[in-house]
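These notes concern the structure reproduced below.
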Amino acid sequence: MGVAGAGKTVIGSRLARTLGTEFVEGDEYHPPANVAKMAAGVPLDDDDRAGWLDALAARIARARAEGRGLVVAASVLKRAYRDVFRAADPAVRFILLTAPRPVIAGRLERRTGHYMPPSLLDSQLAILEPPGADERAWVCDNERAPEVIVADIAARIGGEGGSHG
């Protein structure tokens, strides 16, 4: 989880490969209206996100029911959004990827082929609610090399008995 440009896709996809589990890119679950809104530089509101959150939660619940691990890259910046995922699987683990604003802004400026414009970064930072102690969350500094971050997360998961929740 994290704001646009925090590294969710890079870290999430590599983590899924390391764990030998499926990776889900949350951006692919946004309906066309959400994509158009963001591409126009308009932040999504809670109503816009509801169907997106429900679709991702259904994927999480299905993986849980099938006893499979799953890594999902999704912003889920508010506790209420994370609660939707926690309702789908109470054992879900959140990993908040962080970096200073200038680092993230630079990544967004260099990113090509994505509908999310750099102008929306501040709106995302404004609504970010850091996870509470009860949310099973880790905070990871994403200024380190991706392989270092992935190795750290995988080791922490292994320390929990191999749970991919």
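Name the pairs: first residue in the stretch 16-45 and over 19 Å from residue 77 (Cβ atoms), second residue among the acidic types (Asp, Glu) and part of a helix (DSSP H, G or I), Cβ to Cβ under 8 Å, at least 6 apart or on different chains?
Qualifying pairs under 8 Å: 33/48.
Results for (1) in contact with a helix residue (DSSP H, G or I) (Cβ under 9 Å, 6 or more places away or on another chain); (2) assigned to a helix (DSSP H, G or I); (3) modelled with pLDDT of 90 or more; (4) under 17 Å from residue 7 (Cβ atoms), shown as yes or no for each residue.
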residue: 84; (1), (2), (3), (4): yes, yes, yes, no
residue: 95; (1), (2), (3), (4): yes, no, yes, yes
residue: 109; (1), (2), (3), (4): yes, yes, no, yes
residue: 125; (1), (2), (3), (4): yes, yes, yes, yes
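Considering only residues that are outside any helix (DSSP H, G or I) and either touching a strand residue (DSSP E or B) at 6+ places or on another chain (Cβ under 8 Å) or of a type in the set (Asp, Glu) (or both), which ones fall in the stretch 36-73?
45, 66, 68, 69, 70, 71, 72, 73
If residue 91 meets every condition in (1) in contact with a Ser or Thr (Cβ under 8 Å, 6 or more places away or on another chain); (2) part of a helix (DSSP H, G or I); (3) of a type outside the set (Phe, Trp, Tyr) apart from one, which number is that one?
Going through (1) in contact with a Ser or Thr (Cβ under 8 Å, 6 or more places away or on another chain); (2) part of a helix (DSSP H, G or I); (3) of a type outside the set (Phe, Trp, Tyr) one by one, residue 91 breaks only (2).
Among the residues of the stretch 46-58, which ones are in contact (Cβ under 8 Å) with a residue 24 or more places away in the chain and surrounded by fewer than 20 Cβ atoms within 10 Å (Cβ to Cβ)?
46, 54, 55, 58
Out of the residues in the stretch 72-104 meeting the condition of being out of contact with any Pro (no Cβ under 8 Å at 6 or more places or on another chain) and charged (D, E, K, R), tell me which one is most open to solvent (accessible area, probe 1.4 Å).
My answer is 101.
The values are calculated or read from the model by the stated rules, or taken from the named source; none is laboratory data. Please read these numbers as outputs of a predicted model, since none were measured by experiment. Positions of Cβ are backbone-derived with ideal geometry, glycine not excepted, and every protein chain shown enters the neighbour counts. All accessible areas refer to the heavy atoms of the entire protein, side chains included, with ligands and DNA or RNA removed. Shrake-Rupley method; radii C 1.70, N 1.55, O 1.52, S 1.80 Å.
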